[in-house]
Every structure is written in C-alpha cells, then in structure tokens.
1. Checking Cys65 against (1) among the hydrophobic types (A, V, I, L, M, F, W, C); (2) assigned to a strand (DSSP E or B); (3) open to solvent by 100 Å² or more (accessible area, probe 1.4 Å), which test does it fail?
2. Return the residue satisfying two criteria in turn: it lies in region 88-129 and is within 18 Å of Glu72 (Cα to Cα) and hydrophobic (A, V, I, L, M, F, W, C), and of such residues it is surrounded by the most Cβ atoms within 10 Å (Cβ to Cβ).
Amino acid sequence: MTYFHMFLRRRMKMASKTKPADKAAATAASTKEKATKTAKAATKTAAKTIEKQPEEKKAVKKPACKTSVCVEMSGLSVSVTDIQNAVKKALKEKGLEAADLKIYVNAAEQAAYYTVDGEGGESYKVNLNDL
C-alpha cells in the first residue's frame, strides 16, 4: 500500500469519528473565516486603488468670451441682438408665435424683414432707423 492510500484511510477514519454537529460547526467556522479573508482582501484592494489614483487638479475656469456683432451701413450702426429683439417684439405685437423665425437685413432699405414659419410679406418688416 502506498503512502497516499494510507493517508486517505486515516483521513476517512477521522472524518467518520466527528459528530454531525461538529461538522456543521466546522463548516460554519470555515465559511466565516473565508468571508473575513475575502472582506479583508477587498478592503486592501480598495485602499491600494485609492492610493494609486493621482490627485485631480482643479480646473481653472476662464471667463467666457463676450461677443457682439454690429452691422454698419450708410451711417447707421445696429447690433444683431437689437435687430432680433425688435423682430421678436413685432411678433408679440401682431400676436404671432414662431417655430421657425428667419431674419433678413436689407442694407439698401435699412430694414430687417422676417418670415414666420415660412410666411412673410411687406408687413413683416422692422425699420432699423427706429432702433
């Protein structure tokens, strides 16, 4: 008989001598030990991950660039924002609401024409001299 077989026989004899309650207690204890070891390993891994992360540099916020567009024609100087506000005001006065608003600046007439949802006409006009 080989050494391995003798070892197995002894092991089986010892296992048969233990009581079922002892087996349950031993299994519970080993399960508890495994859970504790797993929790410790997870904690160590998390700690290593936290240590390895480089410190985040705080982003320096630059002030936003302020932009304005001004249209100059025949001695008249009008900002695009003023034209947009005048057209929106004219829409409110007419009781119109627009899903699609397009504004066209006519330098020769010094006027801004607009279309509301594809519809327009001579009455859809803002005089730029009034701004």
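The values are calculated or read from the model by the stated rules, or taken from the named source; none is laboratory data. Predicted model, so just to flag it, every value in this text is computed and none were measured. Because the Cβ atoms are built from the backbone with ideal geometry, glycine has one as well, and the counts that use them run over all protein chains shown. To get the accessible areas, we keep the full protein, side chains included, count just its heavy atoms, and leave off ligands, DNA and RNA. Shrake-Rupley method; radii C 1.70, N 1.55, O 1.52, S 1.80 Å.
1. (2)
2. Ala112
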